[in-house]
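Each reported figure results from applying straightforward, stated rules to the coordinates on display, with no laboratory input. Note that the structure is predicted; figures quoted are calculated from it, not measured. Cβ atoms come from the backbone with ideal geometry, glycine included; neighbour counts cover every protein chain shown.
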Amino acid sequence: MFRHLVHFQVIKKNVLAESSHKHTCWGIVIPTGNLSSLGDTIYVLPQSYASTADLLVDKKAILALSEHDINELEQVNSLDVKVLSPVVGNKRVICQGANYRQHMIESGMDPDKQNYNMFFNKSSASICAANDNIIKPKHVSLLDYEIELGLVIGKAIDKQIEINTDNLHHYIGGIVIGNDVSAREVQISQTQFFKGKSYRTFCPVGPYLCLINEVNVEQLSQLNLELKVNDEVRQRDNTKSLVFKPAESLTELSSFSDLDVGDLVLTGTPSGCALQIPSPVIVKLFSLLPERLRWKLFKKIQGKSPKYLKENDKIVARIYSDDNMINLGFQQNAISQIK
């Protein structure tokens, strides 16, 4: 069973019954595949969930709802709601670096010889909704995008375990679109991955949370990713190009880190980012320069690229399967500048 959920806040009065939720709600949607539509109808779940982790406790019950059960739920039009992030509860955000074959090659690595993941953290404060503006700090000029498949942890991990295709669905509660927005001059010149990727609004998530079970878990290896900036395709790939698949990655993570229900793991981005890694020869020459001059040249050279995000740029990102049985919706984010 494929079940797509949305976390939302009602913005129009008298849409839900007087006895309904006071603040935010969760609902089931039928993805339309239409950029301008969230899915006309949201079927409101009667339970209130304070966090994604609380919701995932009821995953089996939500997946077990029949079509009749769903049609009996209270309904609301998507035009009457504000979509929120489906990952809530101040959980960890863990990222994988250079995990698609072509992106790894562009970064000067050989995917066939890589035998370990590159993991780093991103602040949970960076999470925002799928339609929120991405706020560009005043000091940032090299603002980059990175579409990623996000895994929402569905079962706590507190020891080293072997995760494989047979048990993977126990550990992944659901999947989402994530965008690992990055301030490259902070990330690279200050060697601050955490800081450069953690400014508020630097992690749009959603709009949908697709619950994962033993049936649809097989499609994790065949999902299409696409990101456009101002209608120009910048990134396009398929999860079959992942160097380290979700089961391998979670197994490696379990060897040194605990994971809680509701934690978000971003699995890496395809090629096509604005950041272009220089050749090994250029990198070596750069290393001979005084540090201040080195990073001044880095910023000047990178700044010539028209791909870095500017104020009023529009990003549209989506992840979906060919048969559209998994469709994580559309992220639509505009870039705004801190005044």
Hz values of 3J(HN,Hα) by residue in the stretch 141-157 - Karplus curve (6.51, -1.76, 1.60), Gly and Pro given as x: 10, 9, 8, 10, 10, 7, 5, 8, 7, x, 9, 9, 5, x, 8, 4, 10
Apply the Karplus curve 6.51 cos²θ - 1.76 cosθ + 1.60, θ = phi - 60°, to the phi angles in the stretch 41-48 and return the couplings in whole Hz, x for Gly and Pro. 10, 10, 9, 7, 5, x, 7, 9
What is the extension gain from Leu297 to Ala156, computed as 0.36 nm multiplied by their sequence separation minus the C-alpha to C-alpha distance, in nm to one decimal? 46.2 nm
Per the Kirkwood definition applied to all pairs of different Cα atoms, how many angstroms is the hydrodynamic radius of the stretch 292-339? 13.9 Å
Loop-only GluC sites (Glu not before Pro) in the stretch 29-122, please: DSSP not H, G, I, E or B, and at most 12 other Cβ atoms within 10 Å. Glu72
For the stretch 99-197, which chymotrypsin sites (Phe, Trp or Tyr not before Pro) pass both filters: DSSP loop (anything but H, G, I, E, B) and at most 11 other C-beta atoms within 10 Å? Tyr116
Would you kindly derive the ³J(HN,Hα) couplings of the stretch 319-335 from the backbone phi angles with the Karplus curve 6.51 cos²θ - 1.76 cosθ + 1.60 (θ = phi - 60°), listing them in order in whole Hz, with x for Gly and Pro? 9, 7, 8, 4, 7, 6, 5, 10, 9, 7, x, 10, 8, 9, 10, 9, 8
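Extension gain Asp112-Val316, at 0.36 nm per residue separation less the Cα-Cα distance, in nm?
Values: separation 204, 0.36 × 204 = 73.44 nm, distance 3.15 nm.
Gain on stretching Asp112 to Val316: 70.3 nm.
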Extended-chain gain in nm, criterion 0.36 nm per residue less alpha-carbon gap, His139 and Thr165: 4.9 nm
Spin-label point model (7 Å from Cα, Cβ direction): what's the Asn324 to Asp54 distance in nm? 3.5 nm
Calculate how steeply helix 291-302 sits against the longest principal axis of the alpha-carbon atoms of the chain, using the helix alpha-carbon long axis, and give the answer as 0 to 90 degrees to the nearest 10. 60 degrees
Theoretical ellipticity at 222 nm over the chain - DSSP helices of four or more residues, -39500 (n - 2.57) apiece, nearest 500: -4500 deg cm²/dmol
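Which trypsin sites (Lys or Arg not before Pro) from the stretch 77-151 combine a DSSP loop assignment with at most 16 other Cβ atoms within 10 Å?
Working: sites: Lys82, Lys91, Arg92, Arg101, Lys113, Lys122, Lys138; in loops: Lys91, Arg92, Lys113, Lys138.
For trypsin sites (Lys or Arg not before Pro) across the stretch 77-151 that sit outside H, G, I, E and B with at most 16 neighbouring Cβ atoms in 10 Å, the list reads Lys113, Lys138.
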Pop a pseudo-label 7 angstrom from the Cα along the beta-carbon direction at both Ser66 and Phe256 and give the gap in nm to one decimal. 5.0 nm
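Quick check on the chain: of the DSSP beta bridges with both residues there, what percent are antiparallel, nearest 5%?
In the chain, approximately 85 percent of DSSP beta bridges are antiparallel ones.
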Convex hull volume of the Cα atoms in the stretch 93-251, per residue, in Å³? 130 Å³
